Amino acid sequence: MASFNIGGLNASSRRRSVHSRNATVERRNLITVCRFSIKTLIDRSCFETIDDSSPEFNNFAAILEQILSHRLKGQITWFGYESPRSFWDYIKVACRKVSHNCICSIENMENVSSSRAKGRAWIRVALMEKHLSEYISTALRDFKTTRRFYEDGAIVLGEEANMLAGMLLGLNAIDFSFCLKGEGLDGNYPAVIDFTPYLKFTQSSDSISSDEEELRTLGSSGSESSTPENIGPPFNMDENSWYNKCKRVEQKYRLTLEQKGYLEELVRLRETQLSESISQKKLLRQKVDAMDLAHKMEKEQLEYIIVELQDQLKSFHSLDQLSADVSLSQTSLDPSHLEDGDGKQDGMNLLSEGKEDTPSLLGLCGSLTSVASYKSLTSLKSSEYLASPTTDMTSPGLTPSGVDLYKEDL
């Protein structure tokens, strides 16, 4: 009984080790093939545009779909059954934090109905937007959501996930062009990976010699007259293969040469545009400097005019004050001011005459040298105006002696 238990434990441990080994090999194979497919895509993009008809892209899309679907959990229904899921169910939840994401636009696409087709459309849109690496990195950082959608041993839960995000970053240098209504979005069939472009086998020297001996043996057994010289066809095939390789290399060289000429012409065009932009910048800079200088001079002139106008305004205030003082003095010395308003009218006329006789009040930029003459003129007029009442009072007809003589005659 004890031996049976020991044998059962050994069998279970062997099963676990085989399972872990298979899972590790599967993850390593998918990551390695993904790296190879990215390299072939970058190489192919140097010679032609990558679209849905490119076999390199179809292989890459199948590999990425296999990676994102590796050990993906099913969805538990209300009846307790587990229905299969697509990686799009994980992407639309884990990538909503990406700024300006395309999740809503893909969800609203009319010609894409199944979840698998939406995931394939997302791969194409993310490649055209050059944000596929950003989407994957954001989804992997949401470890809680990733753990909820994937089982243990999945690629997105292992260390290989960080390598995947770094490898996808190189695809941002490629300009993709896809049609989101093609057959590549058909979600009824799973994607199949073509491993043949990435397989390479090199024979050792011992294996080559053994193959030649086998060919000789087969030739001698098939015909008695056959000799070792009958091993010509394989050599001719090698010649043809070398010729084909030379033709492919020559074609690549021509394409590279054409691309080099195009890039050189583009560089020359950009240099010409740069020199023109620099010259235009210099002209604009000179115009701006000239405008700044003109504005400064205009500002200085305006400031000078403002100062001059302020000085003239002060002088006008002083002249108005002087005219007011003169009018007050004339009014106080006028004896007929209380009897009638003739003196007041004469004083106003005198004040108006004094203002009219001053030329500096009529212009804003005139000289103020006439202030002294204005003072002398005002004093002269005031003295004449004050002398007229005294003269009338001292006339012979209004003296007391004249009144007495008039009475005696009566």
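Read the figures in this text as sums done on the coordinates, not as results from a lab. Here the structure is a predicted model, which is why all the values come from computation and not from measurement. Counting neighbours? That spans all protein chains shown, and the Cβs are built from the backbone with ideal geometry, glycine included.
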* Quote to one decimal, in nm, the extra length available between K73 and A173 on full extension: 0.36 nm per residue of separation minus the C-alpha distance between them. => 32.6 nm
* Contour minus end-to-end for M297 and S105, with contour as 0.36 nm per residue of separation and end-to-end as the Cα-Cα distance? -> 63.2 nm
* Asked: Can you give the relative contact order of region 18-121 as a percent, counting alpha carbon pairs under 8 Å and 6+ residues apart?
  -> 18
* To do: Grab the beta carbon distance between D152 and R14, set R0 = 25 Å, and tell me the FRET efficiency rounded to 0.05.
  => 0.80
* **Directionally averaged projected area (convex hull, Cα atoms, region 76-176), nm²** => 7.4
* Structure fact -> Net charge (Lys, Arg +1; Asp, Glu -1) of residues whose beta-carbon lies under 13 Å from that of R248, R248 excluded, is +2
* GluC sites (Glu not before Pro) within region 69-161: DSSP coil, no more than 16 neighbouring Cβ in 10 Å -> E110, E151, E159
